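Notes to accompany the following structure.
Bear in mind these aren't lab numbers, they're just calculated from the coordinates by the rules spelled out. Because the structure is predicted, anything quoted here is derived from the model rather than measured. Counting neighbours? That spans all protein chains shown, and the Cβs are built from the backbone with ideal geometry, glycine included.
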Amino acid sequence: MTEAPPPPQAEWPRPYWAPGEDSALLVFFIFGRFPDEIVLPAARYGSNGLPEGMEMHRYPNETLATWEGYPLRGALGEVLEHDAPIAFDAAKQAPEVIRISGTLDDRASLDYLRDTLGVLAALLDIGGDVVVDPQILSLFDAPAWRERYLVDGGAPPRNHVVILAHDEEGGNAWVRTRGMRKFGRPDLSIRGVPRKDLNIAGALCERLVELNALGGHLADGQELEVEGIVGPLHCAHGGGLDDPQFNNTYVEVRWPAGS
């Protein structure tokens, strides 16, 4: 009796998609102990396997720890240890690391993300314990990762991005994102936000994250009208892939003075 083929995978469309010039970048580290021969049950998670352009490499943890980009040391390691000390320690003690990474051209669907997440989920089934997502400065044990990303129909774009707020001089705040490079789109940088408007700025970021993740673009010089804010917000493109705050380009938005 032959095994039935897996059902066709549901598409993850981008209804606002228009071609962009930037490429998408995905980078993940999975710490654990894996079988000698890795067979991935990725189809159970709606995945066709790693998309073309993505690569998977396996390392002893102690070997990868000597690499300059090892995520458990340096400034990133300090952030991860502070935010999730138990999972961080489990990652440090894990005998192996699998690194999944790749650059992909801009696409009309997010099937590449669906397929990659399915591979991550499969790796957690066969020995993975901890996932590090350096683009959003985050570390997850297996239950936390599954809760965040194994959502019917796909986790919303907001789950793939982190929104941060920093103090600025004069009592205002700087609100920014990290992680939009997963979608081949610039991150967001909103300067000069009064503390009373932080919730408005955060909600604006969430809306723009969804718009851009689903294929939209913010044009250089575009004006944004925001309910509850007097005057438009002006968009300006900036940054670069070597910018340490984003590791990406960004759209700079200046909050109207006196709003």
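For the chain, the antiparallel share of DSSP beta bridges with both residues in that region comes to about 90%. The stretch between residue 68 and residue 148, if pulled fully straight at 0.36 nm per residue, gains 25.9 nm over its current Cα-Cα span.
Can you check what the net charge comes to around residue 157, using other residues whose Cβ is under 11 Å from the Cβ of residue 157 (Lys, Arg +1; Asp, Glu -1)?
+3
Using a cut-off of 11 Å between beta-carbons, work out the net charge of the residues near residue 87 (Lys and Arg +1, Asp and Glu -1, residue 87 not included).
-4
Of all the options 233, 123, 139, the one that moves most in a Gaussian network model of the chain with Cα springs shorter than 10 angstrom is 233.
In the Gaussian network model of the chain, springs joining C-alpha atoms below 10 Å, which of 126, 98, 30 carries the largest mean-square fluctuation? Its mean-square fluctuation being the largest, the pick is 126. Can you tell which of 77, 165, 63 lies farthest toward the positive end of the dipole of the chain, using +1 and -1 charges on the Cβ of basic and acidic side chains (Lys, Arg; Asp, Glu)? Positive-most Cα among the choices belongs to 165. Only one of (i) 19.5, 73; (ii) 21.6, 73; (iii) 23.6, 83 was calculated from the structure for Rg and Dmax of the Cα atoms in Å, and its label is (i).
With each label point set 7 Å from Cα along the Cα-Cβ vector, what nm distance links residue 224 and residue 210? Label-label distance for residue 224 and residue 210, simple model: 1.4 nm. Its relative contact order, with pairs defined as Cα atoms under 8 Å and 6+ residues apart, puts the chain at 22 percent.
Mind putting a number on the dipole of the chain about its Cα centre? Charges go on the C-beta only, +1 for Lys and Arg and -1 for Asp and Glu, and I need it in Debye to the nearest 20.
On the way: 22 positive and 39 negative charges, 67 e Å.
Magnitude of the dipole: close to 320 debye.
Counting other Cβ atoms within 10 Å, which GluC sites (Glu not before Pro) in the range 163-206 have at most 13 and lie in a DSSP loop? Those that pass, being in a loop and sparsely packed, are 168. Comparing 171, 231, 46 in a Gaussian network model of the chain (Cα springs below 10 Å), the most mobile by mean-square fluctuation is 171.
Protection proxy ranking of 83-94, 49-60, 208-219, by the mean of other Cβ atoms within 10 Å over each peptide's residues and highest first, is 208-219, 83-94, 49-60. For the range 52-61, 3J(HN,Hα) computed residue by residue from phi via the Karplus equation (6.51, -1.76, 1.60; θ = phi - 60°) reads 4, x, 9, 10, 10, 10, 10, 9, x, 4 Hz, glycine and proline entered as x. With contributions of -39500 (n - 2.57) from each DSSP H run of at least four residues, the per-residue ellipticity at 222 nm computed over the chain stands at -7000 deg cm²/dmol. Rounded to the nearest Hz, the phi-derived 3J(HN,Hα) couplings of the range 206-221 under the Karplus curve 6.51 cos²θ - 1.76 cosθ + 1.60 (θ = phi - 60°) are 4, 5, 6, 4, 5, 4, 6, 4, 8, x, x, 9, 9, 6, 4, x, where x marks glycine and proline. When peptides 31-44, 177-190 are sorted by average Cβ neighbour count within 10 Å, with the highest value leading, the order is 177-190, 31-44.
Each residue of the range 174-181 was assigned a 3J(HN,Hα) from its phi angle through the Karplus curve 6.51 cos²θ - 1.76 cosθ + 1.60 (θ = phi - 60°); the sequence is 10, 10, 8, 10, 9, x, 5, 5 Hz, with glycine and proline shown as x. Between helix 74-83 and the chain there is an angle of about 90 degrees, using the helix long axis and the longest principal axis of the Cα atoms.
I want to make sure I understand the PRE zone here: with the label point 7 angstrom from the Cα of residue 242 toward its beta carbon, which residues in the range 92-106 have backbone N atoms less than 14 Å away? No residue passes the distance filter.
What's the magnitude of the charge dipole for the range 24-155 around its Cα centre, counting Lys and Arg as +1 and Asp and Glu as -1 at the beta-carbon? Answer in Debye, nearest 20.
Values: 10 positive and 21 negative charges, 21 e Å.
Using Cβ point charges on Lys, Arg, Asp and Glu, the range 24-155 gives about 100 debye.
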